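Trainee: Mind looking over this structure? Questions follow.
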2 protein chains.
Amino acid sequence: MKMPSILSAMLAASLVFASCADGRDSADDPAALVDPLIGTDGPGNVYPGVSAPFGMVQLSPDNGTSGWDRIAGYFWPDTTIAGFSHTHLSGTGAGDLYDISYMPAVPPFKTGRGELGVYSVFSHDEETAQAGYYSVRLEDYDTRVELVATERCGMQRYTFPQTAEATVFLNLAKHMNWDYTMGSSLRVVDDRTVEGYRFSEGWAPDQRVWFVAQFSQPFVSYDIDTVVSVHSDSAYNGIESHIGKFVFDATDGAPVLVRTAISAVDIEGARRNLAAEMPDFAFDSVRTAQRALWNAELSKIEVKGGTRAERTAFYTALYRTMLAPTLFDDTDGRYAGPDGKIHAGTPGSRNYSTFSLWDTYRAAHPLYTFLHPGRVREMAVSMLNFHDQHGMLPVWPLWGNETDMMIGYHAVPVLAEAALKGLLPDSMQNRVLTACVETANRDDYRSIGLYKRLGYVPADLDKESLSKTLEYAYDDYCIAQLARKMGRDSLYNEFIVRSKNYMNVFQPASGFMQPRLSDGEWVPDFDPKAYTEHITESNGWQYLWAVQQDVEGLVRLMRGPQQFEKRLDEMFALHPEATDSLPIFSTGMIGQYAHGNEPSHHVAYLYNYIGKPEKTQRYVSEILRTQYSDRPDGLCGNEDCGQMSAWYVFSAMGFYPVDPVSLTYAIGTPLFEESVVRLPGGGTFTVRAPGVSAERYRIEKMTLNGKALGTPFIAWNEIMAGGVLELTMKK
Amino acid sequence: MKMPSILSAMLAASLVFASCADGRDSADDPAALVDPLIGTDGPGNVYPGVSAPFGMVQLSPDNGTSGWDRIAGYFWPDTTIAGFSHTHLSGTGAGDLYDISYMPAVPPFKTGRGELGVYSVFSHDEETAQAGYYSVRLEDYDTRVELVATERCGMQRYTFPQTAEATVFLNLAKHMNWDYTMGSSLRVVDDRTVEGYRFSEGWAPDQRVWFVAQFSQPFVSYDIDTVVSVHSDSAYNGIESHIGKFVFDATDGAPVLVRTAISAVDIEGARRNLAAEMPDFAFDSVRTAQRALWNAELSKIEVKGGTRAERTAFYTALYRTMLAPTLFDDTDGRYAGPDGKIHAGTPGSRNYSTFSLWDTYRAAHPLYTFLHPGRVREMAVSMLNFHDQHGMLPVWPLWGNETDMMIGYHAVPVLAEAALKGLLPDSMQNRVLTACVETANRDDYRSIGLYKRLGYVPADLDKESLSKTLEYAYDDYCIAQLARKMGRDSLYNEFIVRSKNYMNVFQPASGFMQPRLSDGEWVPDFDPKAYTEHITESNGWQYLWAVQQDVEGLVRLMRGPQQFEKRLDEMFALHPEATDSLPIFSTGMIGQYAHGNEPSHHVAYLYNYIGKPEKTQRYVSEILRTQYSDRPDGLCGNEDCGQMSAWYVFSAMGFYPVDPVSLTYAIGTPLFEESVVRLPGGGTFTVRAPGVSAERYRIEKMTLNGKALGTPFIAWNEIMAGGVLELTMKK
């Protein structure tokens, strides 16, 4: 009888983690400060379940209903769970994935409420969410579910009540949000093993998830239902897919476990992933190993001081910066490309997808250059391979598909930054430059040709024209910097000229960036507070500052520092009126500043450029302390695959990459009295700010390794050399 | 025992049709002159199977192998048949469809040769192809297969040898050419009935075919194989679909029949289609009724004189003009739109898809205005609904999908012609004009915005720029004509100006239309014989003449009639050199004139515009007699959904729509001594040319209802008024 040994293992595990759950808060176990439930309420749109760092599997509970708030499957105010599925998006505005969904239950099954299949109510009181571990009791079935995951596999442990009808549903038919099943396969291999696939259409237009799953004990009976879809969207009606029902004898009270591997390649890939990563049912060993992995990653930064709530918000943010991009290959290296074909992996480099680049080029990828230089190289290789297979660098790839969401060609700053920081081998640099230049010359893509010809994207010929102009110009500057480093002078000249195109949409009379027509005239009736089709998810206030590459030039355009400062002050003061209807992505508002969306993210740091760092400090302190918390609604906007959190991680340490490719960081004001970054080379970089607090956020003096800093900026190589940035806070 | 009655029905049917097969050639039975095997050899790319006029089902044999020559499933030189499937394309360059494929066989089954599944060899000696009927004996199984079809259903009659193992495979997994199975469903409803679907990706990116099928007798056993795909294209590997195997007792020698309905909507739609169109197994009744239907359509034109081969080529051509566009809805009116949604039908109007508009706006749709005014209205409604669902008029829709194949917005001439000819109700005209104008102002689509701004599509910013410029200009002229008729003067002015944009790509120094850069310069090193990315499937010679809307203007650009004539003469004389490698679509060459592709189709008629009709007559006569025949290789190029054949139908009668929207026809030289068009209103229009022959193709005198014609042109309203065009041939 095996129960005792398993029970004792469970007890041991409980003892190990009990102290964490109780709040042990040490440098050894920063994972204890991660609360994956932060951001599951409000607009954060994150999931509370488990993932390995940058893992392909995100095994997490789904409430079973659709809607903007349930885009990651789970919304704190909900009270139901209708499955645990293996793929989720971390804080986007797009509802996709939710593949390979399981639901344990005991008859009688609760069904029949709208979209929910078999479901149960649950209580947050009986729910535990940690880095690498999630657990909840399903009230209706008196069944505890525990989840762990490796990179490509998930394991679930179901502790049923003593019953001969312990039932596990494997639902390949589930529809939520944008995700529709287009077909499935569910084969019973033996009395413990099943395999198959689920194909779906959604945001990723062609998503194929193969899986292999094994239960820890034989099922005593099973039934595979072929269900025919019925949706309000007639496009997805009448499609057959499968729900498996597996019944186990749990009269001995022993838990039933299931381990599941997924693959985007084929069944054989899924089989290999399972054998390589999760060969047995050692649930607690996986949990322990994953906790150790997370601690290894999280301990790359150590913060001291602040409140426990602030440290919890910080380590949870740091955790969230490692939930995307996601690994997207099999253990044998193979992966599905944007051309729909299966590719052999690049030796020594794993493949990644889920690049939310419009968001993450700003701070998430810059953070990776400090903490994950090896992954930075692998992500660069992934992007270059994507370019070779797709004809251009990725814009917003998901599950290997190009979704063409958002704008710009922001793989360019990511690659340029990595190359300029020396994180890519010299042998890659020509390939990087070529891919960037080819992408920036895809004249047929989103008005790049027009942009080159006119110097801006004309508003009468394309949508989001103002935003495209400004973002193309930034990306062009990045190419110029890379070209200069490589001694490619004529390319440098070509792209540095293009990078000045932001000037072509600056309207001197209004002092704003404005959408412009192809005949050179301005689109009439410009209102900087208005959200129009010319500006991506934003208004004229928010996009005025989208000149990270040449803040000095922008200051000149705006007729000097005084005017620039006045405009910035207005930005933070001009509160939306009660009658203004703000779009769904304009959240975290401080005046017209919208911390809930990315175009604002560098704006508070711009005061540094006109000699007014005290105002940067004021607004950074305000944002750190009002737009983030350790509560379920602790994110003020979509997490966006790590960018909201990366802003917090940088800013809480006291510096931020306004222009990542400049390799220079603007100093804001830290949240903690001490932050220590463990550098990849072995040293540390420490920011100290004794006495810093909500009241004492202003910096009187800055020294780096004892020498006074002349300006509120610090360089990449200064940080990487290690040492101490000492900030003396004003009394 | 039912054999005798079935046998007697078969015998009766054989008697009825025997005389046809023997060559009865009368006005009562023009279908006897249809040979669907014409064009199955050479580049015609047509299928030999059965279809109702404009039907949704095209039930036809497939050789079972892929390749350019097998794009319609069947290639005359092949010796194998590996299935009879329900959907095919008539003469395109794109290999898609082949849905719901059956194969009768008797053990031992022949398999194992490459792509072929279960197959048999066959001989053309044991094959019969007629309008609405096809039959072949499968040698390996001594089994005769006969096919008939209604609009949405196909019926097959299998006469097996006496065997208890008469087997029918239903293959939902078959892959050919661009078509890959993405999923299928095969359910046995009872011992005679099966239903399900096949989803595939190919040229149509999302093709869903639901079906219901019933056998005429119970199967004694069945087996459904789930097959997992293995292709050289890894994108389509590992996908499950089904092959059903149904075994019948045919020891009594009675044939086994199967009737199958398809639907793009759902199973219920397929069920209704079967009940409405093919409620029983009365194979011969369907055959007789379909023959009558085809005769009703074919007898709309009667030709006299010529050889039997010429009349066969003519009626086969006329037949082929009615194989596309295809009906695309269910009997209850519902259909799948380009938005992927299911739409209720427009009352009183059936929905069509498979519009090969770049080809068919030239002569096929004009022919429909004479022969099928009711369908012209329905096709217009279909296009307008497509516009509402897709945001623009169709470009190349297939199975409800927009494939975006080829260029232009050539739904515009089709709609404008129909409206100008008074075939659309007045209440539709505003909707037509709006849809045309909106489509022509889709600035984000294929450089339409650039075209409007620069007056041409710049070659450095888009591909096929020269062809796009010229075709947009023609379509704009069509909008202008429609606007003028509707009294919309400012719209007329706007679009008539756009229609002159062809002038912007005429290079005076070379005397050719040339691709032009966005800075106004010409693309260097222009060679009019070269096939480049700037010109759609053609070279500079072939696109020089793409100004159907303003031939007089083109004559002036080319510095007068002498230069124009000289260039035309050169066009027909400048033969490709042996070392020139011509692209696959450049066939039917007479000099640089390529009758095998559409841009050349009006060119021989251009001599009429400069007072040299004798040269039009010379080349039209040559094309009629050298580029078409009654042999399997009787088409010199892709049939292109009726356009190659419509050229022949018009030209063989003696006139052709150089510019369909002008409502004026250029007179060429007829193939027949007499052609009578039965007009929709009840009268007839007759072209007489006594003594016309290969030698006597030149016209001495033309009179219309006894009055001499001043120019070699005749107007729509003159034809529709009925009467006789008398052509006196030169001795």
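Trainee: Over all alpha-carbon pairs of the range A:331-645, lay out the pair-distance distribution in 10 Å bins, whole %, shortest bin first.
Mentor: 6, 26, 34, 24, 9, 1
Trainee: Given charges of +1 on the Cβ of Lys and Arg and -1 on the Cβ of Asp and Glu, with all other atoms neutral, how large is the dipole of the range A:3-298 about its Cα centre, in debye to the nearest 20?
Mentor: 380
Trainee: Also, I was wondering about something else. Relative to the present Cα-Cα distance, how much length would full extension add between residue A:252 and residue A:633 at 0.36 nm per residue of separation?
Mentor: This chain segment gains 133.1 nm when fully extended.
Trainee: State the percent of C-alpha pairs, over all pairs in chain B, separated by a distance greater than 49 angstrom.
Mentor: Counting pairs separated by more than 49 Å, the tail of P(r) holds 15 percent.
Trainee: Can you give the helix-only mean residue ellipticity at 222 nm for chain B, where every DSSP H stretch with n ≥ 4 adds -39500 (n - 2.57) and the sum goes over all residues, rounded to the nearest 500 deg cm²/dmol?
Mentor: -8500 deg cm²/dmol
Trainee: Along Cα→Cβ, 7 Å out, is where each label goes; now give me the distance between the ones at residue B:426 and residue A:430 in nm to one decimal.
Mentor: 7.3
Trainee: Compute the separation of the alpha-carbon centres of the range A:673-692 and the range A:186-256 and state it in Å as a whole number.
Mentor: 49
Trainee: Please report the net charge: other residues with Cβ closer than 10 Å to the Cβ of residue A:569, K and R +1, D and E -1.
Mentor: +2
Trainee: Treat every Asp and Glu Cβ in the range B:345-442 as -1 and every Lys and Arg Cβ as +1, leave all other atoms uncharged, and give the resulting dipole magnitude about the Cα centre to the nearest 20 debye.
Mentor: With only Lys, Arg, Asp and Glu charged at Cβ, the dipole is about 220 debye.
Trainee: Just to be sure I understand the model, the point goes 7 Å from the Cα along the line to the Cβ. What's the resulting residue B:188 to residue A:189 distance in nm?
Mentor: Each label point lies 7 Å from its Cα, and together they span 2.9 nm.
Trainee: Additional query: State, as an integer percentage, the relative contact order of the range B:342-497 based on alpha-carbon contacts under 8 Å between residues 6 or more apart.
Mentor: Dividing the mean separation by the residue count of the range B:342-497 yields 20 percent.
Trainee: Okay, moving on. Would you kindly compute the Cα radius of gyration of the range B:473-580 and its largest Cα-Cα separation (Dmax), both in Å?
Mentor: Answer for the range B:473-580, Rg first and Dmax second: 15.8, 54 Å.
Trainee: I'm a student and want to see the number: the projected area of the Cα convex hull of the range B:635-712, averaged over all directions, in nm².
Mentor: Seen from a random direction, the Cα hull of the range B:635-712 projects 6.7 nm² on average.
Trainee: Any idea what the relative contact order of chain B is, in percent, if you count C-alpha pairs under 8 Å spaced at least 6 apart?
Mentor: Answer for chain B is 12 percent.
Trainee: Residues of the range B:453-485 with the amide nitrogen closer than 15 Å to a label point 7 Å from the Cα of residue A:444, along Cα-to-Cβ, please.
Mentor: In the range B:453-485, the label zone of residue A:444 (backbone N under 15 Å from the point 7 Å along Cα→Cβ) covers B:457-469.
Trainee: Under DSSP H, which helices of chain A have Cα atoms covering 24 Å or more of the helix axis and a Kyte-Doolittle average no less than -1.0?
Mentor: A:3-21, A:373-390, A:465-485
Trainee: Which whole number gives the average, over all residues in B:233-243, of C-beta atoms from other chains lying within 10 Å of the residue C-beta?
Mentor: Shielding by partners across B:233-243 averages 5.
Trainee: Quick check on the range A:342-383: what does the Kirkwood estimate of hydrodynamic radius come out to from the alpha carbon pairs, in Å?
Mentor: 11.0
Trainee: Considering the options B:672, B:100, B:219, tell which one lies farthest towards the positive end of the dipole of the protein assembly as shown, charges being +1 on Lys and Arg and -1 on Asp and Glu at the Cβ, about the Cα centre.
Mentor: Going by the charge dipole, the pick is B:672.
Trainee: Please turn the phi angles of the range A:225-238 into ³J(HN,Hα) values with the Karplus equation 6.51 cos²θ - 1.76 cosθ + 1.60 (θ = phi - 60°), one per residue in order, whole Hz, x for glycine and proline.
Mentor: Computed from phi, the couplings for the range A:225-238 are 8, 8, 9, 10, 5, 9, 10, 5, 8, 4, 5, 10, 8, x Hz.
Trainee: Taking the Cα of residue A:309, stepping 7 Å toward and past its beta carbon, and measuring to each backbone N in the range A:611-638: which are under 16 Å?
Mentor: Output list for this probe position: A:622-636.
Trainee: Of A:237, B:76, A:591, whose Cα points farthest to the positive end of the dipole of the protein assembly as shown (charges on the beta-carbon: +1 Lys, Arg; -1 Asp, Glu; origin at the Cα centre)?
Mentor: The residue sitting most towards the positive pole is A:591.
Trainee: Please get the size of the charge dipole for the protein assembly as shown, origin at its Cα centre, with Cβ charges of +1 on Lys and Arg and -1 on Asp and Glu, quoted in debye to the nearest 20.
Mentor: The calculated dipole for the protein assembly as shown is roughly 2440 debye.
Trainee: Out of every Cα pair in the range B:384-503, what percent are spaced more than 21 Å from each other?
Mentor: 35
Trainee: Now, a different point. Dividing the alpha-carbon Rg of the protein assembly as shown by 2.2 N^0.38 Å yields what?
Mentor: Relative to the 2.2 N^0.38 Å estimate, the protein assembly as shown comes out at 1.02.
Trainee: Under the classification rounded if a/c is under 1.5, otherwise prolate if a/b is larger than b/c and oblate if not, where does the range B:34-278 fall, given a ≥ b ≥ c as square roots of the Cα gyration tensor eigenvalues?
Mentor: rounded
Trainee: Among the lysines, which fall within straight-line cross-link reach of residue B:110, defined as a Cα-Cα distance under 27 Å, with same-chain neighbours fewer than 8 residues apart omitted?
Mentor: Leaving aside lysines fewer than 8 places away in the same chain, those within reach of residue B:110 are B:174, B:245.
Trainee: Just to be sure I understand: of the beta bridges DSSP finds with both ends in chain A, what percent are antiparallel, rounded to 5?
Mentor: Counting DSSP beta bridges with both partners in chain A, the antiparallel share is about 95 percent.
Trainee: Filter A:529/A:566; A:615/A:731; A:421/A:707; B:500/B:566; B:566/B:615 down to the pairs with a C-alpha to C-alpha distance above 19 Å, please.
Mentor: A:421/A:707; B:500/B:566, as the Cα separations exceed 19 Å there.
Trainee: Quick one: what Rg and Dmax do you get for the range B:345-442 from the alpha carbons, in Å?
Mentor: Reported Rg and Dmax, both Å: 12.0, 33.
Trainee: Right, here's the next one. Just to be sure I understand: of the beta bridges DSSP finds with both ends in the protein assembly as shown, what percent are antiparallel, rounded to 5?
Mentor: 95
Trainee: Another question, if that's okay. If R0 is 35 Å, what FRET efficiency do you get for residue B:614 and residue B:530 from their C-beta distance, rounded to 0.05?
Mentor: So, using R0 = 35 Å, E works out to roughly 0.65.
Trainee: Here's a follow-up. Out of residues 5 or more away from residue A:166 or on other chains, whose amide H comes under 5 Å of its own, with H placed 1.01 Å from N in the peptide plane?
Mentor: Answer set, sorted by chain and number: A:248, A:250.
Trainee: Okay, next question. Under a point spin-label approximation (7 Å from Cα along Cα-to-Cβ), what is the residue A:574-residue B:68 distance to one decimal in nm?
Mentor: About 6.1 nm separates the two model spin labels.
Trainee: Rounded to the nearest 0.05, what FRET efficiency is calculated for residue A:275 and residue A:235 with R0 set to 41 Å and r the Cβ-Cβ distance?
Mentor: With a Förster radius of 41 Å, E is 0.60.
A short reminder: the numbers here are calculations on the coordinates, not readings from a lab. Note that the structure is predicted; figures quoted are calculated from it, not measured. Cβ coordinates were reconstructed from backbone atoms using ideal geometry, including for glycine residues, and neighbour counts include every protein chain displayed.
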